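The values are calculated or read from the model by the stated rules, or taken from the named source; none is laboratory data. Everything numeric in this text was worked out from a predicted model, so none of it was measured. Reconstructed Cβ throughout: ideal geometry from the backbone, glycine too, with neighbour counts over all protein chains shown. We work out accessible area using only protein heavy atoms, side chains counted, and drop any ligands, DNA or RNA first. Shrake-Rupley method; radii C 1.70, N 1.55, O 1.52, S 1.80 Å.
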Amino acid sequence: MHVSQLEWIVTVGVTIAVLFFDLVVIARRPHEPTMRECGVALSVYIGLAIAFGLWVSNFHGTQYGIEFYAGWLTEYSLSVDNLFVFIIIMASFNVPKVFQQQVLMVGIVLALVLRGIFIALGAVAIQQFSWIFYVFGIFLVYTAVHLARDTDHEDDGENFVVRSARRWVKTTDEWHGLKLYIRENGHRLMTPVFLVIVALGTTDLLFAVDSIPAIYGLTSEPYLVFTANLFALMGLRQLYFLLGDLLNRLVYLSQGLAVILMFIGVKLILHALHENTLPFINGGQSVHVPEIPTLWSLAVIVLTLFLTMVASLIKTRVVKKS
């Protein structure tokens, strides 16, 4: 896939413009968005993602369009799982609803920056070391097993980095708007905004470690990896407010994601065997194993997400009636 410099410039430029517009609008009018507002914005982002996939298919080939859709759906489903952690963080720090949009925007910007770095590193690693697919595949299989065993998302919202920040930095539990710090009795105290940003930043880093190997199992094109992540993250803020308590009804989400990550992990390992250069595996020669087409991957992802949603809704409805 040949992506011109102009395409990269336009893509990054539009991304920055949209983020800047969002930041300006939110900063001027801090509020808890309505369901209608979230629904309209989310529909626009999803529509743009579908249109972008059609554009890729038309100008770069159907195969690349399929790879984009598979990557986008995978990243979107992982982003929904990430919302559980965002909700826990917001609740544990008692973030006022009027400020939640701004805090989420900071988290999204951090996620885009961190994923951009990981995408670049992943592209270099794939070009230089073909055996990296073994690492990606094994890591995804491990992650899938961990997710399958995870039956809830309970956590105190504070990871090791946040606890360390509390230990080494003087903080206050009182909110002072969106100020990162205040001065009190001659001392600088970091506000909860600072701690929330630290929590979001470190969790975004962990999310990137999971999601980037997953999407590189579906496409090796950095441009598609970047745009799939971009479209998955752009509607995350609206999805947070739109779904709200409905997220708790997706009781089988972790198990569904485990199936998807396990499938992609196996796909990566098969690809690594096919491209094998490691001397201790088949004498450094390619291993004749079947490779899974991207169209099959897209079908498995869509079917798994559909069954996960249906099973979750049936389960919660039965529990509610009983």
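Observations on the model:
- Of all residues in the range 88-110, those that are basic (K, R) have Cβ atoms under 6 Å from Cβ atoms of residues that are modelled with pLDDT under 80, 6 or more apart or on another chain, in K97/E32.
- When the range 30-87 is filtered for residues that are polar (S, T, N, Q) and part of a helix (DSSP H, G or I), the ones remaining, listed by number, are S43, S57, N58, T62, Q63, T74, S77, S79, N82.
- Among the residues of the range 218-240, those that are closer than 15 Å to M1 by Cα and of a type in the set (A, V, I, L, M) comprise L218, L224, V225.
- Output for the range 84-142, where each listed residue is of a type in the set (K, R) and more than 30 Å from L180 (Cβ to Cβ): none
- Each residue in the range 289-322 was checked for being within 30 Å of E275 (Cβ to Cβ), at pLDDT 85 or above and of a type in the set (S, T, N, Q), and 2 of them qualify.
- Which listed residue, of G107, G116, G137, is assigned to a helix (DSSP H, G or I), under 29 Å from G13 (Cα atoms) and open to solvent by less than 10 Å² (accessible area, probe 1.4 Å): G107
- Just one residue in the set A49, A41, A70 is more than 18 Å from the chain's Cα centre (by Cα), under 25 Å from I301 (Cβ atoms) and open to solvent by less than 60 Å² (accessible area, probe 1.4 Å); that residue is A41.
- Filter pass, H176 being surrounded by fewer than 16 Cβ atoms within 10 Å (Cβ to Cβ) and modelled with pLDDT of 75 or more: no
- The residues listed here are L42, L48, L73, L104; of these, the one that is modelled with pLDDT under 85, at negative phi and among the hydrophobic types (A, V, I, L, M, F, W, C) is L104.
- Residue pairs whose Cβ atoms lie under 6 Å apart, sitting 6 or more positions apart in sequence or on different chains, and linking a residue in the range 191-214 that is touching a residue at least 60 places away in the same chain (Cβ under 8 Å) to a partner that is crowded, with 21+ Cβ neighbours inside 10 Å and of a type in the set (G, A, S), are L200/G107; D204/A111; I212/G122.
- Residue match in the range 280-295 (condition: in contact (Cβ under 8 Å) with a residue 24 or more places away in the chain and in a helix (DSSP H, G or I)): yes
- Verdict on S164 being open to solvent by less than 50 Å² (accessible area, probe 1.4 Å), within 30 Å of P279 (Cβ to Cβ), modelled with pLDDT under 80 and polar (S, T, N, Q): no
- Pair list, Cβ < 7 Å and 6+ apart or interchain, from the range 299-315 residues that are closer than 17 Å to L147 by Cα to residues that are charged (D, E, K, R) and surrounded by fewer than 18 Cβ atoms within 10 Å (Cβ to Cβ): S312/R249
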